[in-house]
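What follows is a single structure, written as structure tokens, with notes after it.
The values are calculated or read from the model by the stated rules, or taken from the named source; none is laboratory data. It should be emphasised that the depicted structure is a prediction, and the values quoted were computed from it without experimental measurement. Here the Cβ is made from the backbone with ideal geometry for all residues, glycine too, and neighbour counts use every protein chain on show. Note: accessible area is taken over every heavy atom of the protein model, side chains too, but ligands, DNA and RNA are not part of it. Shrake-Rupley method; radii C 1.70, N 1.55, O 1.52, S 1.80 Å.
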Amino acid sequence: MLLQPNPNSASGRIPLAKSNLDEYNPPEFVAFDVLKPRGPPDEETQATSLSVLSVDMRVTENKKDHNTDKYVSSNLIVRRNKEFTIIIHFNRDFNEQDNVELEFLIGSLPDENRGTYIILPIGKEKPEVLWKSRVVETQGSYVTIGVTPDASCIIGRFQTFVVVVSNLGKQRTVRNTDTDVYVLFNPWDPADQVYIPREIDRQEYVMNDVGTIYNGDANNFISRSWNFGQFEEGVLDACLFVLDSGKVPLIFRGSALEIVRQASALLNANDDDGVLVGNWSDDFSNGTAPTAWTGSPEILLKYAREGGVPVSFAQCWVFAGVMNTLMRCLGIPTRVITNFSSAHDNTGDLRTDIVLDQYGRVDRSRTKDSIWNYHCWNEVYMMRPDLPKKFSGWQVIDCTPQETSDGLHRCGPTSVSAIKEGELSYPFDAKFVFAEVNGDVIFHRSNKQGEVKVIYVDTGYVGKLILTNKPGSSIYEDITSTYKYPEKTLKEREVWQNAERSGIPARDYLPLTEAGVTFELKADAVKMGDNFKLMLNINNQTSQTCTINATITGCVAFYTGVTSETFMLENKAATVEASKTESLTVYVNASEYTPYLMDKGNLLFVAYGLIEETNTSISTMKVVTLQPPKLTITMSGTPRVGRDLTISVDFQNPFNFILRNVQLRLDGPGLIPTKIKYYSQILPGGSVRYKVSMVPRTPGRKVLMAVLDAPLLRQVTNQLVIQIY
């Protein structure tokens with residue numbers, strides 16, 4: 001849907017939903033003062049006076065030069081510090097004596113001193129103006145003007161006017177939305193704060209409108225495609241509306257640092273009626289389940305269309321996907337990051353405390369911290385003028401509402417390089433991010449009297465694997481080494497010393513890791529509803545034979561680490577010779593976990609062991625992500641621009657229960673708008689087929705994605721890559 005223009009909005013398109021600042025809720029724009037002659041002009045003056053017949057913004061040519069031709073918009077879209085040209089047609093030949101100015105205005109109270117009112121004399125110098133203009137060519141009454149927005153100017157939608165100054169006064173062209181121009185960040189230009197040197201990175205992190213988001217667990221991660229759709233019709237206006245609705249002052253909009261800091265708060269609805277409502281329950285009846293979305297445009301357009309009413313619902317990958325769209329749309333290089341085994345440190349001590357009861361089960365009433373199977377956030381690439389130069393580059397921003405920062409639910413930007421070096425005193429929120437990838441897991445055990453003591457420390461569980469989409473590819477890139485040095489190396493110890501100097505608590509509990517025996521839980525990939533084997537490997541690194549009594553518990557868990565009912569408790573014993581490894585096998589039956597599964601696709605297993613010879617304890621955890629059933633996408637027809645294609649999406653219910661209230665979404669930028677099909681139920685063994693016809697609009701690589709979602713079944717996704725000729 002094309003959003004209707006409103007000249008009073010900084011975006012120029014969408015009326016603001018709310019405001020308490022005069023700058024963003026003014027009366028209708030009033031023209032500037034016009035010099036008026038003291039008497040009627042004579043015939044000679046009238047005959048020689050200059051006036052503007054038309055203004056050609058050269059939209060097609062300029063957009064191609066500025067890498068903005070993918071935006072579906074009839075308006076000119078340009079990037080900072082790069083010249084664009086317009087052609088002005090006058091009523092007569094233009095000469096050097098003519099006094100003509102270009103005006104670019106943004107917002108409702110244009111002010112030269114604030115960068116919201118730009119006046120550029122044509123053919124004359126105005127040194128105090130940071131924007132530049134020049135006469136490129138004059139052909140009689142047609143004049144080609146080159147305009148270069150400043151490298152740090154405000155981004156947004158500017159109104160454009162041509163003003164003829166004469167003895168008669170100022171003659172300004174009438175308001176015409178067709179001559180409005182959007183100015184965006186410029187990652188191609190070294191003078192811009194968001195410049196990123198490699199072209200392959202610009203193509204991936206700015207221009208790619210489809211990406212892959214990773215989830216699951218570190219040993220068996222899975223992927224889903226996401227439609228970023230930053231170039232789709234109305235999305236740019238919707239992104240600017242997010243800034244308008246959040247009352248981001250125009251004067252801040254020239255700074256990428258300010259915009260990403262503000263946006264990390266504006267994407268969630270916790271403090272300011274931002275874009276998305278987070279929901280980590282199992283009740284999504286008043287909105288769309290986070291697992292049902294296929295991309296960002298549907299969400300952003302809904303938010304703008306409804307005047308800033310938050311959209312329900314989101315979880316971390318949805319927040320990250322929409323943030324990726326917002327940033328790339330404005331021209332900031334951005335990527336989605338997945339951190340597997342991500343600590344959520346509620347107490348700020350870089351410790352995740354797991355309390356086990358006397359039987360070795362997780363004590364939910366005493367365990368306040370959590371470790372998410374995975375957590376998604378974003379990285380943006382920019383210079384950090386507020387930090388030492390070495391901390392520029394990739395910066396973490398996270399709009400999932402976890403903790404507050406300066407009074408709002410937001411996180412970042414914080415330098416990835418600073419996190420790696422343990423330099424946590426720099427802004428913003430470095431300690432929280434450091435804990436997410438480096439925190440220690442402290443296992444406690446309570447006795448019958450309720451007394452709790454520390455029994456084991458695992459320093460390697462958190463931040464096991466950090467992934468993003470590889471540039472120019474559909475496969476993953478492991479970027480763990482950009483956040484941390486290898487465990488138990490000299491460099492890692494130096495980082496922790498730096499972190500402690502920044503104010504984090506000392507790790508005075510580390511001697512507890514020296515038990516000499518290690519536990520490892522392993523399982524192959526498991527399909528939802530299947531029986532499987534869980535292996536407990538016991539590695540005795542000491543010079544003595546050890547006898548271990550182990551308790552293994554299993555419970556259903558959300559991906560956020562919050563546990564539900566315990567469905568399994570097994571006691572095992574093993575004798576392990578010196579420098580040997582023994583394996584214990586636990587058989588897990590689907591009939592044990594299925595009754596508790598609901599929409600939770602994860603099983604958490606905790607192993608607790610007591611070494612008889614030394615009376616020392618050991619513990620470990622493992623998440624098994626259950627793989628959902630398949631969704632099949634097939635294509636028939638010729639993949640050519642303007643030719644009909646037919647897509648079929650097929651699904652069969654493999655379970656012995658009815659799937660009710662099923663929703664099937666189909667999406668593909670450049671192929672079709674989002675389509676939704678509803679099914680009241682799918683019987684056990686029953687199948688559905690959804691057929692859609694489409695006509696591709698543009699050539700190139702396209703991705704069609706489908707998601708099936710139901711209250712008892714989540715994360716059923718697939719995608720089909722189509723090369724359109």
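Descriptive notes on the structure:
- Each residue of region 672-688 was assigned a 3J(HN,Hα) from its phi angle through the Karplus expression (A = 6.51, B = -1.76, C = 1.60, θ = phi - 60°), giving 8, x, 4, 10, 10, 10, 10, 10, 5, 6, 10, 5, x, x, x, 9, 10 Hz with x at Gly and Pro.
- Phi-based couplings in Hz for region 635-643 (Karplus 6.51, -1.76, 1.60; Gly and Pro marked x): 10, 9, x, 9, x, 10, 4, x, 9
- Accessible-area composition of region 388-532, carbon plus sulfur, in percent [1.4 Å probe]: 47
- Top positive-direction residue, dipole computed over the chain with Cβ charges, set Ser255, Leu534, Phe443: Leu534
- Between the listed residues Leu350, Trp372, Pro385, the Cα displaced farthest toward the positive end of the dipole of region 347-390, a dipole computed from Cβ unit charges relative to the Cα centre, is found at Pro385.
- Of all accessible heavy-atom area on region 161-241, the percent that carbon and sulfur account for (1.4 Å): 47
- Amide H contacts of Tyr374: Ser341, Ser342, each under 5 Å away and 5 or more positions distant or on a separate chain (H built 1.01 Å from N in the peptide plane; Pro and chain starts excluded).
- Estimated at 0.36 nm per residue, the fully extended path between Ser152 and Ser543 surpasses their Cα-Cα distance by 134.2 nm.
- Cleavage-rule hits, GluC sites (Glu not before Pro), region 101-176, DSSP coil, Cβ neighbours within 10 Å at most 10: Glu125, Glu128
- Carbon/sulfur fraction of accessible area - region 568-653, other protein chains in place, 1.4 Å, %: 44
- Relative contact order (%) - region 504-604, alpha-carbon pairs under 8 angstrom, separation at least six: 30
- Centre-to-centre, using Cα atoms only, region 662-682 and region 398-427 are separated by 36 Å.
- Residues of the chain: accessible area per residue with a 1.4 Å probe, Å²: 41
- Each principal axis of the Cα atoms in the chain has its own extent, and those three values, largest first, are 111, 61, 42 angstrom.
- Ser425 versus Arg305: modelled label distance in nm, points set 7 Å from Cα along the beta carbon direction: 5.2
- Long-range HN-HN contacts of Val526 with modeled amide H, under 5 Å: Gln627
- Interchain or long-range residues, amide H under 5 Å from Met568's placed H: Gly554
- With 30 Å as the limit on Cα-Cα distance, the pairs of Lys302/Lys527; Lys572/Lys600; Lys431/Lys533; Lys70/Lys302; Lys484/Lys527; Lys302/Lys389 that go past it are Lys302/Lys527; Lys431/Lys533; Lys484/Lys527; Lys302/Lys389.
- Full extension of the segment from Asp386 to Glu112, taken as 0.36 nm per residue of separation minus the current Cα-Cα distance, would add 96.0 nm.
- Placing +1 on the Cβ of every Lys and Arg and -1 on the Cβ of every Asp and Glu, with nothing else charged, gives the chain a dipole about its Cα centre of roughly 1520 debye.
- Dipole check for region 581-725: with +1 at the C-beta of Lys and Arg, -1 at the C-beta of Asp and Glu, and the Cα centre as origin, the magnitude is about 1200 Debye.
- ³J(HN,Hα) computed for each position of region 385-402 - Karplus, 6.51 cos²θ - 1.76 cosθ + 1.60, integer Hz, glycine/proline x: x, 8, 10, x, 4, 5, 9, 6, x, 6, 10, 7, 10, 9, 9, 5, x, 10
- In the chain, the calculated helix contribution to ellipticity at 222 nm averages -4000 deg cm²/dmol per residue, counting -39,500 (n - 2.57) for every DSSP H run with n ≥ 4.
- Cα→Cβ-extended label distance, 7 Å offset, between Tyr587 and Ala573, nm: 2.2
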